[in-house]
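> One structure is given below, represented as structure tokens, and several questions about it will come after.
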Amino acid sequence: MYEGKRILIVEDDQEISRLLRVILEKSQMEPVAAYSGTEGLLQLQNNSFDLILLDLMLPGKSGEELIKEIREKSAIPIIVISAKVDIENKVQVLKMGVDDYITKPFHQEEVMARVEVQLRKASFQPMQPTKMGWRGLKMNIEKRSVTLNERGLQLTNAEFDILVFFINNPERALSKKEIYESIWTGTYYGDDNTISVHVSNLRKKISEITTEEYIKTIWGVGFMLV
């Protein structure tokens, strides 16, 4: 299903890079290795990719610097794979717009599952509806595009999918667990700030266009589209 998908691996540890290439090649994907942030950026400037696997501690440009530059121009799915396990680092890069975060050491099956989730989202072609909306929000599901009051919203895969889930469940209090398990593979353990960070990013982007409230916090539960 994902045969031929081109994945950029930006990882300076040659053994980890090799392992990631082996994992992807088992599914007939086409991994391309870059061993520094600078080399990774050069690859992105000269070639097209379907997804990026990105370390944070890199020579040349850091992973954080690379994320910032990528997100200024592209919504390509980014999965961070890092030895940084503290929640502050995770929250920081999620706020910058990455789609998922895996900590080292990792399980091969988890990497493959999370890669497939992001590729499936990026290539998802629904039957009906292809368009949906709520108040000033308009979404084209096939094109994965969003406008608010006729102005474009540049969303990451995760932000887009959370907004779809909200619009499918308007004016209903949705728990973080419901949101997480509707979008990601795996169980929600209750101590993960992933959803809060993505919702915060959504709010920030909406607030750049309108002062009207769209996403309300329901204390002790989660969030609601209003």
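> Can you confirm whether the range 211-221 contains a residue that is in a helix (DSSP H, G or I) and either at pLDDT 90 or above or surrounded by 12 or more Cβ atoms within 10 Å (Cβ to Cβ) (or both)? If you could, list the steps in order and put the result at the bottom.
Here is the first cut: in the range 211-221, the residues in a helix (DSSP H, G or I) are none.
Looking for residues that are in a helix (DSSP H, G or I) and either at pLDDT 90 or above or surrounded by 12 or more Cβ atoms within 10 Å (Cβ to Cβ) (or both), one finds none in the range 211-221, hence no.
> Still on this structure, please answer the following. With the structure loaded, tell me whether ALA33 is touching a Lys or Arg at 6+ places or on another chain (Cβ under 7 Å) and either over 27 Å from MET1 (Cα atoms) or surrounded by 16 or more Cβ atoms within 10 Å (Cβ to Cβ) (or both) or whether it fails that test. Break it down stepwise before answering.
Numbers: touching a Lys or Arg at 6+ places or on another chain (Cβ under 7 Å): yes; either over 27 Å from MET1 (Cα atoms) or surrounded by 16 or more Cβ atoms within 10 Å (Cβ to Cβ) (or both): yes.
Considered against the rule, which asks whether it is touching a Lys or Arg at 6+ places or on another chain (Cβ under 7 Å) and either over 27 Å from MET1 (Cα atoms) or surrounded by 16 or more Cβ atoms within 10 Å (Cβ to Cβ) (or both), ALA33 comes out as yes.
> Taking the condition of being touching an Asp or Glu at 6+ places or on another chain (Cβ under 9 Å) and touching a residue at least 40 places away in the same chain (Cβ under 8 Å), how many residues in the range 79-93 meet it?
Count: 3.
> Are there any helices (runs of 4 or more DSSP H) wholly within the range 25-142 with 2 or more residues that are within 26 Å of LYS204 (Cα to Cα) and within 16 Å of the chain's Cα centre (by Cα), and if so which?
Values: elements: 37-46, 63-71, 87-96, 108-123.
It comes to 63-71, 87-96, 108-123.
> SER27: within 23 Å of GLU88 (Cα to Cα) and either touching a Cys at 6+ places or on another chain (Cβ under 8 Å) or polar (S, T, N, Q) (or both), yes or no? Give the steps one after another, and end with the answer.
On the way: within 23 Å of GLU88 (Cα to Cα): no; either touching a Cys at 6+ places or on another chain (Cβ under 8 Å) or polar (S, T, N, Q) (or both): yes.
No; evaluated as a whole, the condition is false for this residue.
> Determine which single condition GLY4 fails, assuming it passes every other condition in (1) surrounded by fewer than 19 Cβ atoms within 10 Å (Cβ to Cβ); (2) not in a loop (DSSP other than H, G, I, E, B).
Just one mismatch for GLY4, condition (2).
> Further question on the same structure: Name the residues in the range 136-145 that are at pLDDT below 95 and either more than 25 Å from SER123 (Cβ to Cβ) or among the β-branched types (Val, Ile, Thr) (or both), would you?
Hit for the range 136-145 is ILE141, nothing else.
> A follow-up question, please. Across the range 118-135, what is the number of residues that are among the hydrophobic types (A, V, I, L, M, F, W, C) and modelled with pLDDT under 90?
As a first pass, look at the range 118-135 and keep what is among the hydrophobic types (A, V, I, L, M, F, W, C): 119, 122, 124, 127, 132, 134.
Next cut, modelled with pLDDT under 90 only: 122, 124, 127, 132.
Matching residues across the range 118-135 total 4.
> Restricting the range 143-178 to residues that are among the charged types (D, E, K, R) and exposed (fewer than 15 other Cβ atoms within 10 Å of the Cβ), which is farthest from SER207 (Cα to Cα)?
Kept after step one, since they are among the charged types (D, E, K, R), are these residues of the range 143-178: 143-144, 150-151, 159, 161, 171-172, 176-178.
After this cut, where a residue has to be exposed (fewer than 15 other Cβ atoms within 10 Å of the Cβ) as well, the list is 143, 150-151, 171-172.
Numbers: LYS143: 23, GLU150: 14, ARG151: 12, GLU171: 19, ARG172: 21 Å.
Checking each candidate, the answer is LYS143.
> Please enumerate the residues belonging to the range 54-74 that are small (Gly, Ala, Ser) and surrounded by 18 or more Cβ atoms within 10 Å (Cβ to Cβ). Talk me through it step by step, then tell me what you get.
First pass over the range 54-74, keeping only residues small (Gly, Ala, Ser): 60, 62-63, 74.
Selection gives GLY63 alone.
The values are calculated or read from the model by the stated rules, or taken from the named source; none is laboratory data. Source: prediction; values computed, not measured. Don't worry about glycine lacking a Cβ; one is built from the backbone with ideal geometry, like all the others, and counts go over all protein chains shown.
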